[in-house]
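See below for the structure under consideration.
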Amino acid sequence: MLDALPRMRMDRPNFTSFHIGGGTYSVPRAWADRGITDITIAEIDPVVTEIAVDQFWFDPETATIMHGDARVALSRSTQKYDVIVGDAFTDIAAPEHLVTREFFQLVSRRLSPDGVFAMNLIDNLDRLDALAAVVLTLRDVFPSVEVWTDARAPQQGERRVFVLLASGSDSPISKIDAMAPDVTRFQALDNAFINRILQQKNAQVLTDDHAPLAYLIGFDPALD
């Protein structure tokens, strides 16, 4: 989804992008392979980059790499990006300073007029407290917030991967087929369904002063 959805929104062969987190560098590597240039990546751990080069076929010459905190890098930048990708969420946590209203306001300022912010989020389908809080926070900043996920029925106790698209307007389509690695259909969840989740969870906007993400995910650091 982090590969296919931004490319669907751009609908052109090239665009500028800023990636929050490197990980395996899968999306930057895929975009570079498609001829997409002007890729910037903020990865806080240089060892992660070394592993991506050594074991995941990433060519560091295809992108500008900043080893440091993505929020600091964005705050110091004056460039506008067509796409900003948030890939810092894991199955148990995410840096809390990257999911607050203040951070999303910074992201909004760094996007081009028709730009889109795409971030991954993982939540337990039996809870969805983290999803509700992040969606509400994004809505406080962006006119359009879409929640994309696998177009399949939920399973009890499942931890589901979502991708949130935030921008000035809705996507032209609500379903897309992409390799994951086999062809998989993804869809945007209906806004009425998302609104019911927000009401049921009594979601609150996350701020720099209050962003209890670990609690919302249901992760107890004391038990780690």
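Annotations for the structure displayed:
- Restricting attention to region 22-47, the residues that are surrounded by 16 or more Cβ atoms within 10 Å (Cβ to Cβ), more than 15 Å from the chain's Cα centre (by Cα) and more than 19 Å from Ala4 (Cα to Cα) add up to 1.
- Within region 169-194, the set of residues being surrounded by 14 or more Cβ atoms within 10 Å (Cβ to Cβ) and either of a type outside the set (D, E, K, R) or under 12 Å from Thr149 (Cα atoms) (or both) comprises Ser171, Ser174, Ile176, Ala178, Ala180, Thr184, Phe186, Gln187, Ala188, Leu189, Ile194.
- On the stretch given as region 3-25, residues that are at negative phi and either of a type in the set (D, E, K, R) or at pLDDT 95 or above (or both) total 15.
- In summary, strands (runs of 3 or more DSSP E) completely within region 106-219 and bearing 3 or more residues that are touching a residue at least 12 places away in the same chain (Cβ under 8 Å), small (Gly, Ala, Ser) and under 20 Å from Phe15 (Cβ atoms) occur at 111-124.
- Each residue in region 77-86 was checked for being in contact (Cβ under 8 Å) with a residue 24 or more places away in the chain and out of contact with any Ser or Thr (no Cβ under 9 Å at 6 or more places or on another chain), and 1 pass.
- Output for region 73-92, where each listed residue is assigned to a strand (DSSP E or B), of a type in the set (A, V, I, L, M, F, W, C) and in contact with a Lys or Arg (Cβ under 7 Å, 6 or more places away or on another chain): Ile84
- The set of residues from region 139-156 being surrounded by 15 or more Cβ atoms within 10 Å (Cβ to Cβ), out of contact with any helix residue (DSSP H, G or I) (no Cβ under 9 Å at 6 or more places or on another chain) and either of a type outside the set (A, V, I, L, M, F, W, C) or on the phi > 0 side of the Ramachandran plot (or both) comprises Ser144, Thr149, Asp150.
- Applying the condition of being out of contact with any helix residue (DSSP H, G or I) (no Cβ under 9 Å at 6 or more places or on another chain) and not in a helix (DSSP H, G or I) to region 17-44 and asking which residue is nearest to Asp114 (Cα to Cα) yields Asp38.
- Residues (under 21 Å from Asn14 (Cβ atoms) and in contact with a strand residue (DSSP E or B) (Cβ under 9 Å, 6 or more places away or on another chain)) located in region 30-52: Trp31, Ala32, Ile36, Asp38, Ile39, Thr40, Ile41, Ala42
- Being within 18 Å of Ala94 (Cβ to Cβ), among the hydroxyl-bearing types (Ser, Thr, Tyr) and at pLDDT 90 or above holds for only one residue in Thr207, Thr184, and it is Thr207.
- Candidates in region 75-122 are the residues that are charged (D, E, K, R) and crowded, with 20+ Cβ neighbours inside 10 Å; of these, the one that is modelled with the lowest pLDDT is Asp87.
- Of all the residues in region 45-59, those that are assigned to a helix (DSSP H, G or I) and touching a Phe, Trp or Tyr at 6+ places or on another chain (Cβ under 6 Å) number 1.
The values are calculated or read from the model by the stated rules, or taken from the named source; none is laboratory data. This one's a predicted model, so the numbers in the text were calculated from it and none came from an experiment. Note that we place each Cβ from the backbone using ideal geometry, even for glycine, and neighbour counts take in every protein chain shown.
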